[in-house]
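Notes to accompany the following structure.
Read-outs throughout are calculated quantities, based only on the coordinates presented, and are distinct from any laboratory measurement. In this text, all values refer to a predicted model and were calculated from it rather than measured experimentally. Because the Cβ atoms are built from the backbone with ideal geometry, glycine has one as well, and the counts that use them run over all protein chains shown.
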């Protein structure tokens with residue numbers, strides 16, 4: 001049998017419930033003792049019940065939080081790249097396959113969403129230019 005990790009993180013919307021894993025009982029059953037709740041948005045680590053977390057437990061939870069934030073950030077940017085792909089596919093659909101009824105159904109919502117997005121992108125770009133951020137933009141990748 002593979003060695004179990006010492007801690008298990010049950011993912012929640014803003015973080016996780018943290019459990020200590022134990023098999024130190026007569027039946028060798030897996031026992032999960034909830035030790036804390038972690039909120040990755042604000043960094044709050046709240047011990048479960050009256051329990052006090054050790055320095056090692058706090059460090060493990062903080063390391064997990066850093067890694068989790070990195071995973072979520074990677075997913076966010078991946079979602080944006082997928083959105084770009086979907087916009088391109090939508091353009092092709094409009095040009096080649098959409099019926100008049102299809103277009104009537106989606107045109108206003110698409111135009112509003114694209115106008116909103118364009119307005120924000122232009123404003124953020126102007127802010128970066130006004131702040132002297134001359135970081136070159138990434139070239140389109142063939143993902």
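What to note about this one:
- Across the chain, the mean sequence separation of Cα contacts (distance under 8 Å, 6 or more residues apart), normalised by length, yields a relative contact order of 11 percent.
- Degrees separating the helix 100-130 axis from the principal Cα axis of the chain, which is the longest one: 70 degrees
- Distance in nm between pseudo-label sites at residue 107 and residue 77 (7 Å out along the Cβ direction from Cα): 3.8 nm
- Residues 104, 50, 57, sorted so that the one with the fewest Cβ neighbours within 10 Å comes first: 50, 104, 57
- Each peptide in 116-124, 17-25 receives the mean, over its residues, of other Cβ atoms within 10 Å, and ordering these scores from highest gives 17-25, 116-124.
- Stretchable slack from residue 41 to residue 13, in nm (0.36 nm times residue separation minus alpha-carbon distance): 9.1 nm
- Across 31, 62, 127, mean-square fluctuation computed from a Gaussian network of the chain (C-alpha pairs under 10 Å connected) peaks at 127.
- A Gaussian network model of the chain, with springs between Cα atoms under 10 Å, assigns the largest mean-square fluctuation among 44, 131, 14 to 131.
- Rg over Rh for region 77-130 works out to 1.09, using Cα positions for both radii and the Kirkwood form for Rh.
- Value at 222 nm in deg cm²/dmol, rounded to 500, when DSSP H runs of n ≥ 4 in the chain each add -39,500 (n - 2.57): -18500 deg cm²/dmol
- Fewest-first ordering of 64, 93 by other beta carbons within 10 Å of each residue's beta carbon gives 93, 64.
- One quarter of the convex hull surface built on the alpha carbon atoms of region 1-114 amounts to 12.5 nm², the projected area averaged over directions.
- Rounded tilt (10° steps) of 55-96 against the dominant C-alpha axis of the chain: 20 degrees
- Centroid-to-centroid separation of region 59-104 and region 105-122 [C-alpha atoms, Å]: 16 Å
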